[in-house]
Amino acid sequence: MEFTAEDLWSRVLEEAQAHLKEQTYRTWLKDTVVVGLTDSDLLVEAPSQFHVEWLEDKYGVLLADVIRKILGRPLNLRIECGGAASPVPVPNIELATGTSSSPTPKFPSEILPPSFLNKRYTFDRFVVGDNSRLAVAACQAVAQDPARMYNPLFLYGGVGLGKTHLMHATGNAISKEAPSSRTVYLSAEQFTNDLVGAIQKGTTAQFRQLYRQADLLLVDDVQFLEGKERTQEEFFYTFNALYDARKQIVLTSDRPPKEIPGLEERLVSRFEWGLVADIKQPDYETRMAILIKKAADDNLTLEHNVIDLIARFCTSSVRELEGAVIKLLAYSSLTNQEITTDLAKIALRGTFGNQHGPSEGDITPKLICEAVAKSWHITEDALGSKRRTKDLNIPRQVAMYLIKDILDCTLVQIGKMFGDRDHSTVIHSIRKIEEKIERDPSLRRKIESVRENLGQVD
Ligand code: ADP
Ligand code: MG
């Protein structure tokens, strides 16, 4: 059965609509337009870059599943911002019929060509910080000279820290250098699903051949292999075949090989043959740099204090940082308000990692005082007392400053918390800290670390 691009996309939308809230559908999908369809790609335009990211981020998996369901095979969905995408030819394509098992296996690069790699995930767009320096250097070395230095390259780190981005960047760089090299990118989950499908259809021989022709094999999230013996066995043979043929393998996982429970020893040891590099959470400076770069790349104007607010509170991952920016933009455009720190506090309430954010539900004045007292090695009572010694003044002022900034309590309320001080004393204290933060980086860092620890104070 043949599909035109329009038919296919309208079926995808219909199906997606059934899975989504009406409001969600209207905001994010209704105004998309299909502009092209090839054997491997479906190209769709969305009204803004910000729609593109939101769709990729939140609904990419859903849409990919729907497409796969309708066509019976995966297709690379490329969403681009309206105007930016140049239309590609729109040939009709064959719909896989459940029964036809074609005798010649398709090489995955036909199904998943290099273009399947997300073009936005390049080294250029990746901000290098102390948290990722080794991983980035290793990926660049692999990209320059595949299968030489680090094979396999194993990247690990928590969710949303840039593993997939770096893996795609490596693939993109290699495809650019050697366009004819065959890159296969897939998640370990997809590998498992494809294997299960092949076993059911009795096509495991083709399945094997498929992956073993790759020049570059990128497998994302290998922790998914946990406890899946048959998949691990198959993966083991694929790995060996490629490794022996001197093909580059890059793997990612949320933890190092040894810590993946239920991963066979022989795979653990192979995964450690090359280089194992971790990516940690970015520090404040790196978070600022990422936000500034992101804003510049997307032509967004965000004031320094808004960026600073997001960087201070979104501490857990880069994905969280990006999500905060998108949410803020959505909020500002839906309510037609300028982006200010006040708007950011409202828009992002509750999204800042559960415990870190400026949501009153999580943080109380008492928690802030506890955190400050702990950090300055004084007692909470001393903080609240009337004593005016130098070693108490600064932490007391910091506590007032944080309570005002995070919880937005009134000056009078804050005065009451600190031994019934006058509101002018409170404002004076807060100003003092604001000035000091500008001039004194060590104090600024100390205050940042108090913020980060908030909610984790025991
Ligand atoms: P992971 O695979 O580790 O869960 P991703 O690679 O999907 O994380 O990254 C999440 C998002 O954050 C992506 O949109 C990615 O482009 C972005 N990102 C992560 N790290 C960085 C970085 N250092 N610089 C720029 N963008 C980054
Ligand atoms: Mg990932």
| Meets criteria (under 25 Å from the mean Cα position of the chain (by Cα) and within 16 Å of ligand 1 (Cβ to nearest atom)) for VAL222 | yes
| request: Taking SER253 as the residue in question, decide whether it is modelled with pLDDT of 95 or more and either within 18 Å of the chain's Cα centre (by Cα) or within 24 Å of VAL128 (Cβ to Cβ) (or both). | output: yes
| said: Looking only at segment 13-58, count every residue that is touching a residue at least 60 places away in the same chain (Cβ under 8 Å) and in a strand (DSSP E or B) and tell me the total. | reply: 1
| remark: Filtering segment 254-298 down to residues that are among the polar types (S, T, N, Q) and within 21 Å of GLY160 (Cβ to Cβ) yields GLN281, THR286
| remark: Across (1) under 20 Å from CYS139 (Cβ atoms); (2) among the aromatic types (Phe, Trp, Tyr); (3) open to solvent by 10 Å² or more (accessible area, probe 1.4 Å), TYR331 clears everything bar (1)
| Does ASP124 count as within 16 Å of ligand 1 (Cβ to nearest atom), on the phi > 0 side of the Ramachandran plot and either surrounded by fewer than 24 Cβ atoms within 10 Å (Cβ to Cβ) or hydroxyl-bearing (Ser, Thr, Tyr) (or both)? | no
| query | Mind checking which residues of segment 22-66 are within 17 Å of ASP7 (Cα to Cα), within 24 Å of the chain's Cα centre (by Cα) and of a type in the set (Val, Ile, Thr)? | reply | THR32, VAL44, VAL66
| note | By residue number, the members of segment 148-163 that are under 15 Å from LEU218 (Cβ atoms) and buried (at least 20 other Cβ atoms within 10 Å of the Cβ) are TYR150, PRO152, LEU153, PHE154, LEU155, TYR156, GLY162, LYS163
| said: Yes or no: segment 190-205 includes at least one residue that is open to solvent by 10 Å² or more (accessible area, probe 1.4 Å) and assigned to a loop (DSSP other than H, G, I, E, B). | reply: yes
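The values are calculated or read from the model by the stated rules, or taken from the named source; none is laboratory data. Keep in mind it's a predicted model, so treat the numbers as computed, not measured. Every residue, glycine as well, gets a Cβ built from its backbone with ideal geometry; the counts of neighbours run over all protein chains shown. We work out accessible area using only protein heavy atoms, side chains counted, and drop any ligands, DNA or RNA first. Shrake-Rupley method; radii C 1.70, N 1.55, O 1.52, S 1.80 Å.
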